[in-house]
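Reviewing the structure listed below.
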Amino acid sequence: MSLSSAREGGGDEVADIVTTTPDLRQSVARARGHGASIGFVPTMGYLHDGHQSLIRAADHHCDFVVVSIYVNPTQFGAGEDLDAYPRDLDGDAAKATDAGADLIFAPDTAEMYPSGRPGVETWVEVHGLTDNLCGQFRPGHFRGVTTIVSRLFLKVQPDVAFFGRKDFQQLAVIRQMVRDLDFPVQVEGVPTVREPDGLAMSSRNAYLARRQRAQATALVTALRAASAAWHDGERHASRLLGAAREIFDDAPLVDPEYIELVNPDTLEPLTGVLADGPVLMAVAAHVGTARLIDNARIDVEPSSPFGPGGVG
Ligand code: AMP
């Protein structure tokens, strides 16, 4: 049950948008004063159904839902798409409200990095889990993520925070940070939402031209190929990876960056002959200017929330 006056009023009203920490704290304190539990969904905006499923999960579990919209410069590397990253605050406010948001926090960089020099002041950094997969190809990325998420946690002070399993390594890193720093926040992972053809939803899909978009399904098709091989009894890591890699032969516009098998709990690489699981396959690829990622448990039923979806 939401305490939102906006949504209780119905009609076209959108959730309140605040841009400063005092205004955020005042709204959250008011909700807490009514006994509300606080759910939090951090995003970089340009919301799609994947973000909305996080907001719905927050609305289901919590009384008052805060969604942040902030494109965080410190998690982008040199030459990455910080300036091009799509932005649409009005559209986001409508979509967030529709999914159950009560309050939108849309700070600017002066608010989030008051020194005016993002990245020069205090960092929060998780080691180990950030060494492989995306961490290997995006140096400093997770340091930017953990720094901004801890700043947001301290501002919002949520009871529960919701993150997508599409960014699997990010979820693992946030869980580690919360454990290590003893943040009083429960972290929930939400299954990946896909387009009808299986492509994982992403704000970066907006970069794809028509032919690139058609071939971008290679990421999920690769996960499905490995999952099918697993369910046919294949247990050699190299052959499971081979089944996935083959898919990219038919998608010349998709340039794979990595395909790896890891233990989903530790993110340690799995090699040789695998035991019965759990086994996560993670993939990243460049398609034109977009860098896309996807992952799935290949040892579970494809249609399970953690699998790569149906074989369609
Ligand atoms: P972003 O705006 O890309 O930083 O993502 C904000 C949150 O939405 C993160 O926790 C993402 O993992 C999550 N998310 C992004 N895409 C999806 C998706 N297709 N399904 C589920 N969650 C997603």
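The values are calculated or read from the model by the stated rules, or taken from the named source; none is laboratory data. Keep in mind it's a predicted model, so treat the numbers as computed, not measured. Please note: Cβ atoms are built from the backbone with ideal geometry, for glycine as well, and neighbour counts cover all protein chains shown.
A few comments on the model shown:
- Any hit, the range 257-264, residues being more than 23 Å from the chain's Cα centre (by Cα) and not aliphatic (A, V, I, L, M): no
- Single residue of the range 60-81 satisfying the filter (over 19 Å from Arg204 (Cα atoms) and not in a loop (DSSP other than H, G, I, E, B)) that is nearest to the ligand (Cβ to nearest atom): Val67
- The single residue among Ala57, Ala106, Ala110 that is over 20 Å from Ser150 (Cα atoms) and hydrophobic (A, V, I, L, M, F, W, C) turns out to be Ala57.
- Scanning the range 1-32 for residues that are surrounded by 15 or more Cβ atoms within 10 Å (Cβ to Cβ), at pLDDT below 65 and hydroxyl-bearing (Ser, Thr, Tyr) returns Ser2, Ser4.
- Among the conditions (1) within 28 Å of Pro308 (Cβ to Cβ); (2) surrounded by fewer than 20 Cβ atoms within 10 Å (Cβ to Cβ), the only one that Ser150 does not satisfy is (1).
- In the range 214-236, residue farthest from Asp299 (Cα to Cα) [restricted to those that are out of contact with any Leu (no Cβ under 8 Å at 6 or more places or on another chain) and surrounded by fewer than 19 Cβ atoms within 10 Å (Cβ to Cβ)]: Ala214
- Among the conditions (1) among the hydroxyl-bearing types (Ser, Thr, Tyr); (2) within 16 Å of the ligand (Cβ to nearest atom); (3) more than 30 Å from Met281 (Cβ to Cβ), Thr122 misses just one, which is (2).
- Residues located in the range 254-287, provided they are surrounded by fewer than 16 Cβ atoms within 10 Å (Cβ to Cβ) and at positive phi: Gly272, Gly277
- Among the residues of the range 162-188, the ones that are more than 12 Å from the ligand (Cβ to nearest atom) and either in contact with a Lys or Arg (Cβ under 8 Å, 6 or more places away or on another chain) or of a type in the set (Val, Ile, Thr) (or both) come to 2 in all.
- Within the range 71-86, considering residues that are over 21 Å from Ser115 (Cβ atoms) and not small (Gly, Ala, Ser), the one surrounded by the fewest Cβ atoms within 10 Å (Cβ to Cβ): Asp83
- The set of residues from the range 28-59 being of a type in the set (S, T, N, Q) and within 11 Å of the ligand (Cβ to nearest atom) comprises Thr43, Gln52, Ser53.
- Condition met for Glu268 (over 15 Å from Ala228 (Cα atoms) and touching a Pro at 6+ places or on another chain (Cβ under 7 Å)): no
- Subset of the range 82-108 [in contact with a strand residue (DSSP E or B) (Cβ under 9 Å, 6 or more places away or on another chain) and not in a helix (DSSP H, G or I)]: Arg87, Gly100, Ala101, Asp102, Leu103, Ile104, Phe105, Ala106, Pro107
- Matching residues in the range 186-204 - criterion: being surrounded by fewer than 19 Cβ atoms within 10 Å (Cβ to Cβ) and over 13 Å from the mean Cα position of the chain (by Cα): Gln186, Glu195, Pro196, Asp197
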